[in-house]
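Have a look at the structure below before the remarks.
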Amino acid sequence: MNTYNGSCHCGNLHVAFTTSLAPETMVPRACQCSFCRKHATGAVSDPDGQLTFIMKDPGQVHRYRFGLGITEFLICRNCGVYVGAHMPDAAGTCGNVMAHVLDDHARFTCPTVPVVRSGEDEAGRRARRRAAWTPSNVVTAPE
């Protein structure tokens with residue numbers, strides 16, 4: 001297992017993504033919803049890995065929700081960078097990270113693949129994410 005670290009531009013919102021997958025084999029996904037298109041997303045995840053979002057100042061992190069409202073899209077209020085998504089869920093909290101925020105982003109060399117998820121209902125979306133996204137948590141950095 002390797003851990004890939006990254007952050008937003010100002011460093012308020014950090015991420016630690018642990019995976020056994022080689023970055024060169026991971027295919028970033030570009031959701032085709034209007035939010036993701038505007039952010040030029042390239043999400044990666046590993047259901048056998050671990051993802052931790054670390055907030056220095058939680059007041060400067062916006063947990064944006066839209067659509068079905070079941071996912072927190074984590075955006076730094078200070079610099080505006082969208083670092084990843086986190087879905088709180090009783091059956092298994094999970095998330096993904098934007099490959100471009102990782103320090104080793106140049107190692108994620110596979111082209112981004114567009115994905116369309118507009119036909120999913122809440123149960124279907126939760127089930128797909130539980131199976132494909134990375135177990136995740138959101139924590140506040142110790143002072």
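Could you list, in sequence order, all residues of region 19-29 that are surrounded by 13 or more Cβ atoms within 10 Å (Cβ to Cβ) and in a helix (DSSP H, G or I)? P23, the sole residue that qualifies.
The set of residues in region 30-45 that are part of a loop (DSSP other than H, G, I, E, B) and either buried (at least 20 other Cβ atoms within 10 Å of the Cβ) or of a type in the set (A, V, I, L, M) (or both) comprises A40, T41, G42, S45.
Within region 56-74, restricting attention to residues that are of a type in the set (G, A, S) and closer than 23 Å to S118 by Cα, the residue that is modelled with the lowest pLDDT is G67. Within region 1-18, being under 17 Å from A85 (Cβ atoms), of a type in the set (A, V, I, L, M) and part of a loop (DSSP other than H, G, I, E, B) holds for no residue. Counting only strands (runs of 3 or more DSSP E) wholly contained in region 64-143, the ones carrying 1 or more residues that are of a type in the set (F, W, Y) occupy 72-76, 82-87.
Only one of these is β-branched (V, I, T), surrounded by fewer than 13 Cβ atoms within 10 Å (Cβ to Cβ) and closer than 27 Å to S20 by Cβ: V83, V113, V101, V138. Name it.
Details: V83 fails: surrounded by fewer than 13 Cβ atoms within 10 Å (Cβ to Cβ); V101 fails: surrounded by fewer than 13 Cβ atoms within 10 Å (Cβ to Cβ); V138 fails: surrounded by fewer than 13 Cβ atoms within 10 Å (Cβ to Cβ).
Every option except V113 fails the conditions.
For the criterion of being surrounded by fewer than 20 Cβ atoms within 10 Å (Cβ to Cβ), of a type in the set (D, E) and within 18 Å of F108 (Cβ to Cβ), D57 fails.
The values are calculated or read from the model by the stated rules, or taken from the named source; none is laboratory data. Predicted, not measured: the structure shown is a model, and the values here were computed from it. Every residue, glycine among them, receives a Cβ derived from its backbone with ideal geometry; neighbour counts consider all protein chains shown.
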